[in-house]
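The structure appears right after this line, and notes come after that.
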Amino acid sequence: VAEHGYVDADMLRTSFSLAMSDMYKAEVPLYDDLVSIVQGVNGSVLQNVKDNIKRITLERHGAIRLGSPHELRTVRRIFSLLGMHPVGYYDLSVAGLPMHATCFRPRDSQSLSKNPFRVFTTLLRPELLHSTESRELALRLLGRRRIFSHALTRLMDTVDSQQGRFTCQQADTFIDEALKSFRWQPVAAATYDEYNTLKDDHPILADIVCFQTAHINHLTPRTLDIGLSQLAMQAHGMDVKERIEGPPKRQCPILLRQTSFLALRESVRYCHSSDQPGQFIEGYHRARFGEIEERGAALTPIGRKLFNELFEEAMDISRTTGQKMDDALNLAFVRFPDNWPELYQQRLVYCEFTVTDKALPAHLVSNKYPQEDLLEQLVSAGVLSRAPITYEDFLPFSAAGIFQSNLDNPSSSAMGHKKPFPDQQGFEESLGCSVLDPDVLYFTMQRKSIQKCMQQLGLGVF
Ligand code: OOG
Ligand code: NI
């Protein structure tokens, strides 16, 4: 487990995600059913033997919603110790939500193959709130709460002084203390009136601001067949969302398809008023839900551009003809190639190469081919095999769809007339560093796999 007495970040991430999964199972029993359903389906999807089933069985993404730059920066410290780094910027204001986000996740193939645990992390943008009363109330409540224990921050300081490495005992304490920040706390950090003021403005605002922790909102297992899993969820009597978000069903899956069951009603005790701390009102809160996802190939900028065009075309078709979005998507996506050779040749998806056990034909040994041609020749000769790189990130459109489908009052907008706009720089200032560009990460994975193959084949440096 530990090298030179220290715990490796990939191991720690796995222990943390398993501990989080156990905690969430106890909090949301339906989650346990969901995981069993997905694992049943994955076990039966036998044609996918090439997938790394160990990785897929462990694979989860979580979602948390934070209120302040300080909370975001502390979460960044926690995740960095687990080998998870901020990747990508997501503007949710386009969907009427006063929030923006990043995804904390491992960044290279090796760590991803061990455990790709990722957490979609949103931050409130108080400046986008339409109501001055809500904004001031939110900032007051956020300024007062402490979602991280002293033991946790002390331990992180110690670990920093050990170059970010943990002893086994420190690792156990870290997991316990860090989990406390994400546990569901049934006693609110706001009065019932305060909660209702914010909730009337927008339910998400109350969810972000009124609790003592950054409770994990959902923990999503990865399915190899989302259609089958959705049927199984319905058969199990779960209140499943009608549509699957994302691209339509295809032979060659791309990006991400997701669906969820509707949010639970959870009991909460609210303080009666700030000057009578001992008195409570029993109420409830509805925010947490179950979600599943099917992941496909990561798209290159060319592929993403085509995807966005077709997605918009589908929305236009659906708007103008009144057709169902799923039918409109099927119509529009006829123009997105659906076989791997074409997807590779048109550079629509990223891929990783590996050397097979087939011998290198003599005519390919000389260096007379330009780089790209040589790769194609090596693949045709069966010397290299090529597989799509899995998409490790999120889709803001789907996120917005999932957010909206889980709100009590989806039509309200806390932003009023405020115009949506992205503010990556503001987000990075809150975070205390810049976010990584997902395209650079995928491109690097592809390039490294090529370099490794060329080295193995003795074909020089690419
Ligand atoms: C996050 C929504 C985004 C996803 O899978 O797209 C997300 C949230 O509800 O806080 O998790
Ligand atoms: Ni999610």
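General observations
- Residue count for the stretch 53-78, restricted to those that are within 16 Å of ligand 2 (Cβ to nearest atom) and either of a type outside the set (Lys, Arg) or under 18 Å from Gln212 (Cα atoms) (or both): 7
- Among the residues of the stretch 344-397, those that are among the acidic types (Asp, Glu) and closer than 30 Å to Phe120 by Cα comprise Glu352, Glu392, Asp393.
- Residues (buried (at least 24 other Cβ atoms within 10 Å of the Cβ) and out of contact with any Gly (no Cβ under 9 Å at 6 or more places or on another chain)) located in the stretch 179-200: Ala190, Leu198
- The residue of the stretch 111-127 that is nearest to Ile78 (Cα to Cα), among those that are within 16 Å of ligand 1 (Cβ to nearest atom) and hydrophobic (A, V, I, L, M, F, W, C), is Val119.
- Filtered by the rule that a residue be among the aliphatic types (A, V, I, L, M) and within 16 Å of ligand 1 (Cβ to nearest atom), the stretch 52-96 gives Ala63, Ile64, Leu66, Leu72, Val75, Met84, Val87, Leu92, Val94, Ala95.
- Pairs, first part of a helix (DSSP H, G or I) in the stretch 174-200, second among the hydroxyl-bearing types (Ser, Thr, Tyr), C-beta under 7 Å, six or more apart: Ile175/Ser15; Glu177/Ser149; Lys180/Ser149; Tyr192/Tyr270; Tyr195/Tyr270; Thr197/Ser134; Leu198/Ser134
- Only one of Ala387, Ala400, Ala359 that is touching a residue at least 12 places away in the same chain (Cβ under 8 Å) and within 16 Å of ligand 1 (Cβ to nearest atom): Ala400
- Filtered residue count, the stretch 207-225, keeping only those that are assigned to a helix (DSSP H, G or I) and either crowded, with 24+ Cβ neighbours inside 10 Å or not assigned by TED's automatic domain parsing to the domain that holds Phe166 (or both): 2
- Residue list for the stretch 226-245, filter: in a loop (DSSP other than H, G, I, E, B) and either within 20 Å of Ile64 (Cα to Cα) or modelled with pLDDT of 95 or more (or both): none
- Residue in the stretch 284-292 that is among the hydrophobic types (A, V, I, L, M, F, W, C), within 16 Å of ligand 2 (Cβ to nearest atom) and touching a helix residue (DSSP H, G or I) at 6+ places or on another chain (Cβ under 6 Å) present: yes
- Of everything listed in (1) under 19 Å from Met445 (Cα atoms); (2) in a loop (DSSP other than H, G, I, E, B); (3) of a type outside the set (Ser, Thr, Tyr), the single unmet condition for Gln323 is (1).
- Condition met for Gly96 (farther than 30 Å from Gln446 by Cβ, buried (at least 19 other Cβ atoms within 10 Å of the Cβ) and out of contact with any Asp or Glu (no Cβ under 8 Å at 6 or more places or on another chain)): yes
- Selected residue (criterion: surrounded by the fewest Cβ atoms within 10 Å (Cβ to Cβ)) from residues of the stretch 390-421 that are at pLDDT 95 or above and not acidic (Asp, Glu): Tyr391
- Under the condition of being in a strand (DSSP E or B) and within 16 Å of ligand 1 (Cβ to nearest atom), the residues counted in the stretch 258-305 number 13.
- Hits in the stretch 1-52 - residues which are at pLDDT 90 or above and part of a loop (DSSP other than H, G, I, E, B): Asp8, Val28
- Number of residues in the stretch 427-462 that are free of Cβ contacts under 8 Å to residues at least 24 places away in the same chain and hydrophobic (A, V, I, L, M, F, W, C): the value is 3.
The values are calculated or read from the model by the stated rules, or taken from the named source; none is laboratory data. Just so it is clear, the model here is predicted, and its values are computed rather than measured. When we count neighbours, we look across all protein chains shown, and the Cβ atoms used for this are built from the backbone with ideal geometry, even at glycine.
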